[in-house]
Amino acid sequence: MKIISRVPALAIASILFSTSAFAQTNSLDSRVRAEITPFKGKVFLYAKNLDTGRTYSYNGDERVRTASTIKIAVMIEVWSRIAEGKAKWSDELVLTKAARYAGSGILPELGDGLRLTLQDCVRLMMTLSDNTATNMVLDYLSTPTTLGTDAVNARMNLLGYKATRIMRRVGSGGDSEEGKKAEGKKFGLGSTSPHEMVDIMEKLERGEIVNAPAAKEMIELMKREQARYAIGRTIPGVTMASKYGALDALRSCVAILYTKQGRIAIAITVDDMPEVMWSVDNPGYILMSRLSEILIEGLAGSKSP
């Protein structure tokens, strides 16, 4: 008697999907590596389609220097204080020489004694990456017993993030407990991993940090960042919530791109670039732009069955 084996249709569909998903992932990995291989520097990235759950990682769990992307953590601490009734957006901060630090932002060009609200400073910190505004916010978050930097780290720890830490104020001073350690000092301003940054962005997008209204406000603020040099550079018509960071040998960017293929959260850091180039055409920016295009296309697709 001939025995006929019947495989359930659902099982066949699952096998076909798995085969297709593997092929897509393998193709995405090949394309990403083809872009990275000739690049002069180290690359770390993690990306996730928030609508399908598909992910891609290339050194995504490695701990990296943040430069200004650590300001996302500072922003979260401020919104948390507001929600807890420990701060008000109308609270006044005063520009002083002690807070000044050059680089990105407008406040270094303005006179001492300028009075701004907490809300003003947070907006400058996130939309213009203003370093002086960031120091003013960190000073505001400090208490007689706890530095603002330690408060930010405690918040990240409470949220379950172990790699994301701020080490000091921008420039110098206000060293956190982790920033005083030899391990912390090598990261400069802050540390994170691309995976953690994508997870933070996903939780903000889903309203799971502080509370839903606060998380939405943070995402809306990040949509107003006044730069688009890296992720999403060549697709200006696509809405993006982002934060950039830059040092001599490093460029970093964290973003959610609201594409037709889904909400794509991406965090990319490039470091150890041999040439210092303070230009919008920095090779790190160009690489991140190309990688974001590849990731958007490569992470499109259906949810897993």
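What follows draws every value from the coordinates through simple rules; no lab data is involved. Because the structure is a prediction, the values reported are computed rather than measured. Methodologically, a virtual Cβ is constructed for each residue, glycine included, from the backbone with ideal geometry; neighbour enumeration extends over all protein chains shown.
So how tilted is helix 71-83 from the main axis of the chain? Cα-based, degrees 0 to 90, rounded to 10. Taking Cα atoms only, the helix is inclined about 70 degrees. Between T146 and E62, full extension at 0.36 nm per residue minus the direct alpha carbon distance yields a gain of 27.4 nm. Equivalent ellipsoid of the stretch 89-134: semi-axes from √(5λ) of the C-alpha gyration tensor, largest first, are 15, 13, 7 Å.
When the Cα gyration tensor is reduced to axis lengths a ≥ b ≥ c, the ratio a/c is 1.5 or higher for the stretch 190-251, and with a/b not above b/c it is classed as oblate. Length gained on full extension, K260 to R206, computed as 0.36 nm times the residue gap minus the Cα-Cα distance: 17.6 nm. When the chain is treated as a GNM, springs tying every alpha-carbon pair under 10 Å, which of A34, A151, A255 comes out with the largest mean-square fluctuation? With Cα springs under 10 Å in the chain, the top fluctuation among A34, A151, A255 is at A34. The base-10 log of I(q)/I(0) for the stretch 165-305, evaluated at q = 0.11, 0.12, 0.16, 0.19 Å⁻¹, reads -0.46, -0.55, -0.95, -1.22 [Debye formula, identical scatterers on Cα atoms, solvent excluded]. Each other residue within a Cβ distance under 11 Å of N131 adds +1 if Lys or Arg and -1 if Asp or Glu, for a net charge of +2.
Near the amide H of L93, within less than 5 Å, lie the amide hydrogens of L116, T117, L118, all on another chain or at least 5 residues away, with H placed in the peptide plane.
Close amide-amide hydrogen proximity is noted between Y101 and T132, each under 5 Å apart and 5 or more residues distant or on a separate chain (H modeled in the peptide plane; Pro and chain starts excluded). Per-residue 3J(HN,Hα) values for the stretch 86-98, derived from phi via the Karplus relation 6.51 cos²θ - 1.76 cosθ + 1.60 with θ = phi - 60°, read 9, 8, 10, 4, 7, 4, 9, 10, 10, 6, 10, 4, 5 Hz in sequence order (x marks Gly and Pro).
Remark: relative contact order (the stretch 114-166) = 20 percent; criterion is Cα-Cα distance under 8 angstrom and separation of 6 or more residues. Full extension of the segment from E92 to V238, taken as 0.36 nm per residue of separation minus the current Cα-Cα distance, would add 49.0 nm. Residue by residue, the stretch 226-240 carries 3J(HN,Hα) couplings of 8, 7, 8, 8, 10, 4, x, 4, 9, 10, x, x, 8, 4, 9 Hz when phi is fed to the Karplus relation 6.51 cos²θ - 1.76 cosθ + 1.60 (θ = phi - 60°); x denotes Gly or Pro.
Which log10 I(q)/I(0) values does the stretch 142-211 give at q = 0.16, 0.20 Å⁻¹ under the Debye formula, counting every alpha carbon as one identical point scatterer? The Cα Debye sum returns log10 ratios of -0.57, -0.83. Distances between placed amide hydrogens fall under 5 Å for R263 paired with L50, D51, all partners being 5 or more residues away or on another chain.
Looking only at the stretch 80-115, which residues have a backbone nitrogen under 15 Å from a spot 7 Å from the Cα of S172 in the C-beta direction? In the stretch 80-115, the label zone of S172 (backbone N under 15 Å from the point 7 Å along Cα→Cβ) covers 98-102. Applying the criteria of a DSSP loop state and at most 10 other Cβ atoms within 10 Å to the chymotrypsin sites (Phe, Trp or Tyr not before Pro) of the stretch 248-305 yields W278.
Per-residue 3J(HN,Hα) values for the stretch 103-111, derived from phi via the Karplus relation 6.51 cos²θ - 1.76 cosθ + 1.60 with θ = phi - 60°, read x, 6, x, 10, 4, x, 8, 9, x Hz in sequence order (x marks Gly and Pro). Computed from Cα positions, the angle between helix 9-36 and the longest principal axis of the chain comes to roughly 50 degrees.
When both the stretch 227-305 and the stretch 164-219 are represented by their alpha-carbon centers, they are found 19 Å apart.
Using the Cα gyration tensor of the chain, with a ≥ b ≥ c the square roots of its eigenvalues, what is the shape: rounded (a/c below 1.5), prolate (a/b larger than b/c) or oblate (neither)? Because a/c hits 1.5 or more and a/b exceeds b/c, the chain counts as prolate.
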